[in-house]
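Comments concern the structure below.
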Amino acid sequence: MMTESLQNKARQHRKDILKMLCGCQSGHPGGSLSVVEIIMALYEHVLRYDAKNPLWAQRDRMVLSKGHGCPALYAVLADKGFFPRETLWTLRQMGTVLQGHPDMLKTPGVDASTGSLGQGMSIAVGFALAGQRQTEPFRVFCVIGDGEAQEGLVWEAAMAAAHYGLNNLTVIMDYNELQIDGPNEQVMSLGDIKDKFRAFGWDTFETDGHDIGKMAEVFGMPASDKPRFVLCHTVKGKGVSYMENAVGWHGKPINQEQFDAAICEMEVDNG
């Protein structure tokens, strides 16, 4: 269940995402807006971290494998105090710490440099292997896109995670059913994606990707002896009527008129 305060915070994150993308005139609105509550659920309720000490060895790791959705991550990191909120308006600008895809060498709070789809999950497997061998083990959470699951590297990582019994690894799919070329089912069907992960030796779950309470409950469940896969149903372009479920907003600049219309719509929805 979503509290009113979290709903308001999610709305503000969406406004910040749109402001970032309008300011730099590039980026990926659709997939950034769809993943907001997933990232919020992790940072509001699940992850162990210290914003004042981003490299704290015992922190849980979060890998945004669908790196093009990084404006959502940046909005949450700023809210949690990893860097000043004003930094958001430098997205994709020369010399900024906020690159167009996550860069662990530049951005406080970013655990892995991602963007080449499929690779983040393999990075997460490596983190989880290391986490199991620590005196104080840490957990690893990896957010992937649904279209990303068409990459073979995802399934190599899935096989390895089950083989090594990485029960400290949770992979979360932002299942908005669209990718840059169109609906997943038309580009390359994923079939029953939960069944596929289950066949690879994972525990599998399914939930509403816009309900922070429900996701926090699933993400924070006690570990079994297997890695965990969570299918989160989301809406691409969530929160902006003309972007919702629209393929064309995967990666497209937002002009000032479109930005103003979106912000106006959100303020009206907020009463």
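So which of Thr107, Thr90 is β-branched (Val, Ile, Thr), within 24 Å of Ala41 (Cα to Cα) and surrounded by fewer than 23 Cβ atoms within 10 Å (Cβ to Cβ)?
Answer to the selection: Thr107.
Does Lys52 meet the test of being assigned to a helix (DSSP H, G or I), of a type in the set (Lys, Arg) and more than 21 Å from Ile144 (Cα to Cα)?
no
Among the residues of region 151-187, write down those that are outside any helix (DSSP H, G or I) and either more than 20 Å from His28 (Cβ to Cβ) or in contact with a Phe, Trp or Tyr (Cβ under 8 Å, 6 or more places away or on another chain) (or both).
Tyr164, Gly165, Leu166, Asn167, Asn168, Leu169, Thr170, Val171, Ile172, Met173 - these are the residues of region 151-187 that are outside any helix (DSSP H, G or I) and either more than 20 Å from His28 (Cβ to Cβ) or in contact with a Phe, Trp or Tyr (Cβ under 8 Å, 6 or more places away or on another chain) (or both).
Looking for whichever is in contact with a Pro (Cβ under 8 Å, 6 or more places away or on another chain) and under 19 Å from Val35 (Cα atoms) here; the options are Gly213, Gly237. Which one fits?
Of the residues listed, the single one that is in contact with a Pro (Cβ under 8 Å, 6 or more places away or on another chain) and under 19 Å from Val35 (Cα atoms) is Gly237.
Can you tell me how many residues within region 108-142 are in a loop (DSSP other than H, G, I, E, B) and closer than 20 Å to Ile38 by Cα?
Here the count works out to 12.
Can you run down the residue pairs with Cβ atoms below 9 Å, 6 or more apart or on separate chains, where the first is in region 258-271 and at pLDDT 90 or above and the partner is among the aromatic types (Phe, Trp, Tyr)?
Listed by first residue and then by second, the contacts come to Gln258/Tyr242; Ala261/Tyr242; Ala262/Tyr242; Glu265/Tyr242.
Just wondering, is there one or more residues in region 129-140 that are modelled with pLDDT of 95 or more, under 20 Å from Cys70 (Cβ atoms) and within 15 Å of the chain's Cα centre (by Cα)?
yes
The values are calculated or read from the model by the stated rules, or taken from the named source; none is laboratory data. Nothing here was measured: the structure is a model prediction, and the numbers come from that model. Note that we place each Cβ from the backbone using ideal geometry, even for glycine, and neighbour counts take in every protein chain shown.
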